[in-house]
1. When the residues of region A:1-40 are narrowed to those that are open to solvent by less than 70 Å² (accessible area, probe 1.4 Å) and at pLDDT below 95, which ends up nearest to the other protein chains (Cβ to nearest Cβ)?
2. Would you be able to tell me the number of residues in region A:42-74 that are more than 30 Å from A:LYS337 (Cβ to Cβ) and either surrounded by fewer than 23 Cβ atoms within 10 Å (Cβ to Cβ) or among the aliphatic types (A, V, I, L, M) (or both)?
3. Just checking, does region A:492-512 include any residue being assigned to a loop (DSSP other than H, G, I, E, B) and closer than 25 Å to A:VAL226 by Cα?
4. Please give the strands (runs of 3 or more DSSP E) falling wholly within region A:228-278 in which 2 or more residues are over 29 Å from B:ALA542 (Cβ atoms), within 24 Å of the chain's Cα centre (by Cα) and away from chain B (no Cβ under 14 Å).
5. Inside region B:375-425, can you point out the residues that are open to solvent by less than 70 Å² (accessible area, probe 1.4 Å), among the basic types (Lys, Arg) and in contact (Cβ under 8 Å) with a residue 24 or more places away in the chain?
6. Restricting attention to region B:136-170, and to residues there that are facing chain A (nearest Cβ under 9 Å) and assigned to a loop (DSSP other than H, G, I, E, B), which single residue is surrounded by the most Cβ atoms within 10 Å (Cβ to Cβ)?
7. Output the number of residues of region B:75-110 satisfying the condition of being open to solvent by 10 Å² or more (accessible area, probe 1.4 Å), in a loop (DSSP other than H, G, I, E, B) and closer than 20 Å to B:PHE303 by Cβ.
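The values are calculated or read from the model by the stated rules, or taken from the named source; none is laboratory data. As the structure is a prediction and not an experimental result, all values here were calculated from the model. Backbone-built Cβ (ideal geometry, glycine too); neighbour counts: all protein chains shown. All accessible areas refer to the heavy atoms of the entire protein, side chains included, with ligands and DNA or RNA removed. Shrake-Rupley method; radii C 1.70, N 1.55, O 1.52, S 1.80 Å.
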There are 2 protein chains.
Amino acid sequence: MAVKTDIEIARAARKQPIQEIGRMLGIPEAHLLPYGHDKAKVDQAFIASLGGRKRGKLILVTAINPTPAGEGKTTTTVGLGDGLNRIGKRAMICIREASLGPNFGMKGGAAGGGMAQVVPMEEMNLHFTGDFHAITSAHNLLSAMIDNHIYWGNELEIDERRIVWRRVMDMNDRALRDIVVGLGGVSNGFPRQTGFDITVASEVMAILCLANDLADLQRRLGDIVVAYRRDKTPIYCRDIKADGAMTVLLKDAMQPNLVQTLENNPAFVHGGPFANIAHGCNSVIATDTALRLTDYVVTEAGFGADLGAEKFFDIKCRKAGLKPDAAVIVATVRAMKMNGGVAKADLGAENVAAVRQGCPNLGRHIGNVQGFGVPVVVAINHFSGDTEAEIQAVKDYVADLGAEAILCKHWAEGSAGIVDLARKVAELADSGGADFAPLYPDEMGLFDKIEAVAKRIYHAEAVTADDAVREQLRVWEAAGYGHLPVCMAKTPYSFSADPTLRGAPTGHTVPVREVRLSAGAGFIVAICGAIMTMPGLPRHPAAEVIGLDDEGFVEGLF
Amino acid sequence: MAVKTDIEIARAARKQPIQEIGRMLGIPEAHLLPYGHDKAKVDQAFIASLGGRKRGKLILVTAINPTPAGEGKTTTTVGLGDGLNRIGKRAMICIREASLGPNFGMKGGAAGGGMAQVVPMEEMNLHFTGDFHAITSAHNLLSAMIDNHIYWGNELEIDERRIVWRRVMDMNDRALRDIVVGLGGVSNGFPRQTGFDITVASEVMAILCLANDLADLQRRLGDIVVAYRRDKTPIYCRDIKADGAMTVLLKDAMQPNLVQTLENNPAFVHGGPFANIAHGCNSVIATDTALRLTDYVVTEAGFGADLGAEKFFDIKCRKAGLKPDAAVIVATVRAMKMNGGVAKADLGAENVAAVRQGCPNLGRHIGNVQGFGVPVVVAINHFSGDTEAEIQAVKDYVADLGAEAILCKHWAEGSAGIVDLARKVAELADSGGADFAPLYPDEMGLFDKIEAVAKRIYHAEAVTADDAVREQLRVWEAAGYGHLPVCMAKTPYSFSADPTLRGAPTGHTVPVREVRLSAGAGFIVAICGAIMTMPGLPRHPAAEVIGLDDEGFVEGLF
């Protein structure tokens, strides 16, 4: 029997009308704004009505450092949600939306895989419910209003050389990274150098994902620092008077999107900030709403636990008052082997020694997450080539640390393949064993916060930074931004700043090359390496083969 | 009693669930893709199933040359649709979607006004069903793929100086009109000068509005000329291999959007190309679908009849095989006075002589439209300050031409105020008196086509053009584009190319400054004056006061 592709499985899904999925959650039809028959937004009035309800248990799915072997973090998130429902728990999942642009570069990202997927997959990889378009519009309205303000006399005395607010597009378009605008004479404004980022890198995206409601959204939008004067005093979005109109553009995008898994369990797919210059989690409003609608909410964070889980805990949970009850760290035998030094081409052969050698990467993530006061279980996402001995090696390693690793076959079997993990996660979450606390207190100095993450999470020896960087942090502290958490922009492929350094390196230094203020989102970004905020297309973009087939189905996107 | 604003009336509307509106048209729920509770797209399968049905009667609503006094063309279109339903006819309307960007500049445009509106008004002025965002994405994917092609070796030998495909954004952003992209070094590509237009000016918009179905859409997208080689041979979108992915991005945008009037009658609101460099009509697919679902379809065209009706007939009807059965020319007493030389400030005072003096503008439009073989009736859109004598002067003038002018009070009274016009329109349409033919045959030379429009519609003495323009037209004829119709880009405020020349001027010349090929849309654009394809924001953009009020309603947008 031929193995079905993800898209074939997704298309064969027996979807319930989205109103049925809403009914499972107790959402009346009038409060569900449908987008087609299989997607809907939950309206504001209904969400506001949930304020008094108790929150369910929050479960984070995170992972080891990503390798080219793949870990299946989203697949495990989806599988675990289905698994919890299978064992009789009321559960739902919360994951991020996909960015449109990159799908036309490399083969598009699905929402999970195999028998553990969220549907409708095609639409989630295309316009979905238009949230990212709304973010693009809101961001670029502010950009246009800044240049327009200067054009009409520049009453705010914006220094044209110090405009930090760029433009965005949800497209991989390297030609827009660095541009000069305002050419062509008097009627087109003042020429100046600027550029475009991809929409998911917009601070508006990070804000939307951290805001509690529309009032909080508008306040945060107003707080964005868009430029500076010659005397270096900041100019805010509020000064440009764009915050109200941006809120109007975002009012629907703020509402969580309800879809379903292949097994007809509910899922919120909402928001998708970058995981380097931003925090990489789905929206607070989706997670919080889910917690008030069900007993267990399974969510994920970007990249490995060193970046994703740390930001989930120190930024999202801190800001939203969320208290995670359990965490799942996803690992694969193949990824352990790669961490143990095996090349991708050689992953097919059994190599228990390499598995053992790679396990310290996993081990460090376990310790890190436990350090936040969150109980951990490891999910071994099964691949067909894994041998018994290799799987046992991972289990033994984890057991030696006093934790448990559970083999999961949700990719092949759906919820039936992940029942053991679901039982363990429910047990951990219900045990009351969690005692969550962020890594550092708000009052700690900004540079100390960076050091805390680098030393205690990355196990680095030291943090290096130019005087200019340290001085900038002091300026922000003096300006009242000292209480913000830090958002580390580091390679996801290693605990260190060197992407080739796998396993569990020690003795490394973390160089902070630049710091940026996201005053609306509410964090300071520490950039530790080259960060690309506008991708390019490959030599042969996927777009060249994307099209509609004779039956009107999308081909080439997956 | 205080007069209610358009938005107050719209918010008080008793909307039917969109499924009910679909049911009136015989569209099963499964074929109606809802966007919220009051908007829906009609799916492709259902539209394809209508192919064998007879088309209903097609009624065009057009107008005199626009003046600052306002004519109320959309209001009359909506009112007439409601009026036809009121007298027992099965009728629907087809109008254009609003562009997002300009709403943040000047006060936003509503869809009709008073008691003759389409709802939901707020959403139609914001993201609506995301069609324009899809067009933006499709357009910019092609742009990115062109620069990406050059980046990876330029196998097609694109001359970077001769790339005619720009980028688009649905925003008034003058700083993007003229830009240099690709700065910043090797990894960002080759610097070159280009710019952004507003999305409604995209050829993709014109294509979407002229395509019969998705296959036709993809063929037309493939036909777009994006650049030239050094030897001036054209490079097509198809050569860049973007046409398939663009079609995927546009597959939902191609489906007509169903909404309703205040009186719960069905309306398609779909597509919105510029009325200068493009043809300014809603989509062919919406009009054609409506014609197969009801007995009477009322639609409108951009600007006055010299531009809008001419393009509707010579481009849209010619290409789509549509045969209009009747036309309504909207006039107001106030606009007649302005055409007669009265300043806007003086419109309040009765001035029958000025009305009479302005009427020849109306008279020429009547003759022009009749010249296409389409029976005409004039709608006098009533304003409260109009006097009996002024109204009678218009009626008398029209009667002298052998036609009829009917006073309409739909703005104040809804369908009850437009019953007389509805009866007359139904009578004209049912009379079989129409014998539609476009102004010129396909075989006529391109310059001759321009002259035909200028002399027979604008009543110009001559057309002037540089040798370069004439030579370009010959080159296109030789390349096989000679059969295309011409799309005139001229000021809408006068029959001439001088916007200050009101009334019915004669003896003027029409200067063709530039010609452009829209090979995918299928027309040659003749530019007769300064045409702005990326608007700017005013000193105090509407965005400064747009926001959500305490109840979550949008304020400042209308």
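1. That would be A:ILE7.
2. Residues in region A:42-74 being more than 30 Å from A:LYS337 (Cβ to Cβ) and either surrounded by fewer than 23 Cβ atoms within 10 Å (Cβ to Cβ) or among the aliphatic types (A, V, I, L, M) (or both): 16 in total.
3. no
4. Details: elements: A:234-236, A:257-261, A:266-269.
Qualifying strands (runs of 3 or more DSSP E): A:257-261, A:266-269.
5. B:LYS424
6. B:ASP170
7. 9
Quick grid of which residues meet (1) at pLDDT 95 or above; (2) open to solvent by 30 Å² or more (accessible area, probe 1.4 Å); (3) outside the structural domain of A:SER384 (by TED's automatic domain parsing):
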residue	(1), (2), (3)
A:ILE315	yes, no, no
A:ALA320	yes, no, no
A:VAL328	yes, no, no
A:THR332	yes, no, no
A:ALA345	no, yes, no
A:ASN351	yes, yes, no
